[in-house]
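In what follows, a single structure is set out as structure tokens and then discussed.
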Amino acid sequence: MQYRIMPKTNDKLSVLGFGCMRLPTVAGGENSGLIDRKKALELLWGAIDKGVNYLDTAYPYHMGASESFLGEHVLKNGYREKVKVATKLPTFLVKRQEDMMKFFERQRKKLNLEQIDYYLLHALNGQTWERLLTFDVMEFMDFLKREGKISRIGFSFHGTPEDFRKIIDSYAWDFCQVQLNILDEFYQAGINGVRYAASKGIGVIIMEPLRGGTLVNNIPKEIKKIWDSAPVRRTPADWALRWLWNNPDIQVVLSGMSSPEQVDENVRSAEDSLPGSLSPEELGIIQKVKDKYHELLRVRCTGCRYCMPCPAGIDIPYAFQALNSYYLTRKKIGVKVHYMNSIVGRKNQPWTSACLNCGNCESKCPQQIRIREEFKKVRKVLEGADVKFLAGAAKLVTGQKH
């Protein structure tokens, strides 16, 4: 495992961090959707044994179960001493000043920790930041640090480049966490935000390196052709991670691994992905892939599910996954994804036409997607009479009610 040093704190962190938002879950039965404790525990302990020493979770991950799973199962048998644990104040739930301590103590209890190593303000943008300042949020974070309840102070970010610089300049942060991948180089904080944070001596942690799986699942034939033309053979995940680790301003890249194979592949990538190790020819291949993806991709959804639950019961991320698949794979897979979700997901999964137009999802989306506008595209290409007929027929075959 390769390790890098956090600029302000001298913490030695593995370049590969474990994002605990997409742990293995139980399929089928009354426990469907819950964390599969046996598989997830083997996965996390296996990653730690291979050198991963940074675990990232948050209050809403796995519907609130991720923190508890770490505290009750993972951080046992000597594994607590092997890792740094990061979690985040659920800023979107803070309505008054006293809420901050209420949620923090709840998180500390769930994690079963006296001290949380890395504590972040979750999903900041300009508006959220201004609201939190009215609650004296930084005085609160300073208090937690003085009392030894937290060790490092940071924030995760989903806003404009201008908001990012403003927040960075407002406090002596230990670290920040931003979205970056080969598709989002200039989106939100972007690569320029990474450089700006580094210029201030602030550690940089990367989330969404594979864009919620977009960069590794259902690879379009045009993209595969470019990867296959490279002078060295690598998986798409390997290419995407190496592109990030090529940057010396980045300390940790989080990966939401959900299988032993993903852990093994990512650990192998982390072993020799040194800053500046990609050749000009390899960087040129990656640039061609970026350009082609930007031609094909329609919706910037990463599948984070912050928009959920939908009051109308629509599975918003699945709808956008289907829409992107429709364009990336020339229709067939996108149609299949959409109608199959309606029959094998939640019973009577509604179409996007069931949207109540309430806008709740848009207020919570960290990508600032105009969800209701995108629903129009979903309805146009994926919810015609033919698709609904296929879904209806499949439900009759499987014995489900319409």
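The values are calculated or read from the model by the stated rules, or taken from the named source; none is laboratory data. Since this is a predicted model, take the numbers as computed values, not measurements. Positions of Cβ are backbone-derived with ideal geometry, glycine not excepted, and every protein chain shown enters the neighbour counts.
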From the list TRP243, TRP239, TRP227, which one is in a helix (DSSP H, G or I), over 30 Å from SER199 (Cβ atoms), among the aromatic types (Phe, Trp, Tyr) and assigned by TED's automatic domain parsing to the domain that holds ILE48?
TRP227
Residues of region 49-64 satisfying the condition of being among the aliphatic types (A, V, I, L, M) and surrounded by 17 or more Cβ atoms within 10 Å (Cβ to Cβ):
VAL52, LEU55, ALA58
Single unsatisfied condition, ARG195 versus (1) closer than 20 Å to ARG242 by Cβ; (2) under 17 Å from the mean Cα position of the chain (by Cα):
(2)
Which condition from (1) assigned to a strand (DSSP E or B); (2) more than 19 Å from PHE157 (Cα to Cα) is the one that MET63 breaks?
(1)
Is it fair to say SER353 is assigned to a helix (DSSP H, G or I), among the hydroxyl-bearing types (Ser, Thr, Tyr) and either in the same structural domain as THR91 (by TED's automatic domain parsing) or at pLDDT 75 or above (or both)?
yes
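Filter region 7-21 for residues that are part of a loop (DSSP other than H, G, I, E, B) and over 19 Å from the mean Cα position of the chain (by Cα); which is farthest from GLY51 (Cα to Cα)? Working first, answer last.
Applying the first criterion (part of a loop (DSSP other than H, G, I, E, B)) to region 7-21 yields 7-11, 15, 20-21.
Going one step further and asking which of them are over 19 Å from the mean Cα position of the chain (by Cα), we end up with 7-11.
Working: PRO7: 20, LYS8: 22, THR9: 20, ASN10: 18, ASP11: 15 Å.
Per the criteria, the residue is LYS8.
Looking at region 175-211 only, could you name the residues that are of a type in the set (D, E, K, R) and farther than 23 Å from GLY256 by Cβ?
Step one: list which residues in region 175-211 are of a type in the set (D, E, K, R), which gives 184-185, 195, 200, 208, 211.
Within region 175-211, ARG195, LYS200 meet the criteria.
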Out of (1) more than 15 Å from the chain's Cα centre (by Cα); (2) part of a helix (DSSP H, G or I), what's the single condition that is false for ASN217?
(2)
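Looking at TYR326, is it assigned to a helix (DSSP H, G or I) and either at pLDDT 80 or above or closer than 30 Å to ILE223 by Cβ (or both)?
Values: assigned to a helix (DSSP H, G or I): yes; either at pLDDT 80 or above or closer than 30 Å to ILE223 by Cβ (or both): yes.
Yes, satisfied.
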Exactly one of TYR3, TYR79 is touching a strand residue (DSSP E or B) at 6+ places or on another chain (Cβ under 6 Å), surrounded by fewer than 20 Cβ atoms within 10 Å (Cβ to Cβ) and at negative phi, and that residue is TYR3
Quick test for you: out of LYS88, LYS95, pick the one residue that is part of a strand (DSSP E or B), under 25 Å from the mean Cα position of the chain (by Cα) and closer than 30 Å to GLN368 by Cβ.
LYS88
Evaluate region 267-290: report whether one residue or more is farther than 19 Å from GLU185 by Cα, touching a Lys or Arg at 6+ places or on another chain (Cβ under 8 Å) and assigned to a helix (DSSP H, G or I).
yes
Here are some conditions: (1) part of a loop (DSSP other than H, G, I, E, B); (2) buried (at least 17 other Cβ atoms within 10 Å of the Cβ). GLY313 meets all but one. Which one does it not meet?
(2)
Determine, yes or no, whether GLY303 is surrounded by fewer than 21 Cβ atoms within 10 Å (Cβ to Cβ), in a loop (DSSP other than H, G, I, E, B), modelled with pLDDT of 85 or more and within 25 Å of the chain's Cα centre (by Cα).
no
I'd like the full set of residues that are in contact with a Leu (Cβ under 6 Å, 6 or more places away or on another chain) and not in a loop (DSSP other than H, G, I, E, B), limited to region 26-47.
ILE35, ALA40
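If the requirement is being polar (S, T, N, Q), within 24 Å of TYR61 (Cα to Cα), out of contact with any Gly (no Cβ under 7 Å at 6 or more places or on another chain) and in the same structural domain as ARG242 (by TED's automatic domain parsing), which of these qualifies: GLN127, GLN115, GLN177, GLN188?
Numbers: GLN115 fails: out of contact with any Gly (no Cβ under 7 Å at 6 or more places or on another chain); GLN177 fails: out of contact with any Gly (no Cβ under 7 Å at 6 or more places or on another chain); GLN188 fails: out of contact with any Gly (no Cβ under 7 Å at 6 or more places or on another chain).
Exactly one of GLN127, GLN115, GLN177, GLN188 is polar (S, T, N, Q), within 24 Å of TYR61 (Cα to Cα), out of contact with any Gly (no Cβ under 7 Å at 6 or more places or on another chain) and in the same structural domain as ARG242 (by TED's automatic domain parsing), namely GLN127.
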When both residues are 6+ apart or on different chains and their Cβ atoms are under 6 Å apart, which pairs have a first residue that lies in region 80-103 and is in the same structural domain as TYR54 (by TED's automatic domain parsing) and among the hydroxyl-bearing types (Ser, Thr, Tyr), and a second that is in a helix (DSSP H, G or I) and at pLDDT below 95?
THR91/THR128
If a residue has to be modelled with pLDDT under 95 and part of a helix (DSSP H, G or I) to count, how many in region 98-130 make the cut?
3
For LYS200, indicate whether it is charged (D, E, K, R), farther than 25 Å from LEU43 by Cα, surrounded by fewer than 22 Cβ atoms within 10 Å (Cβ to Cβ) and without any contact (Cβ under 8 Å) to a residue 24 or more places away in the chain.
no
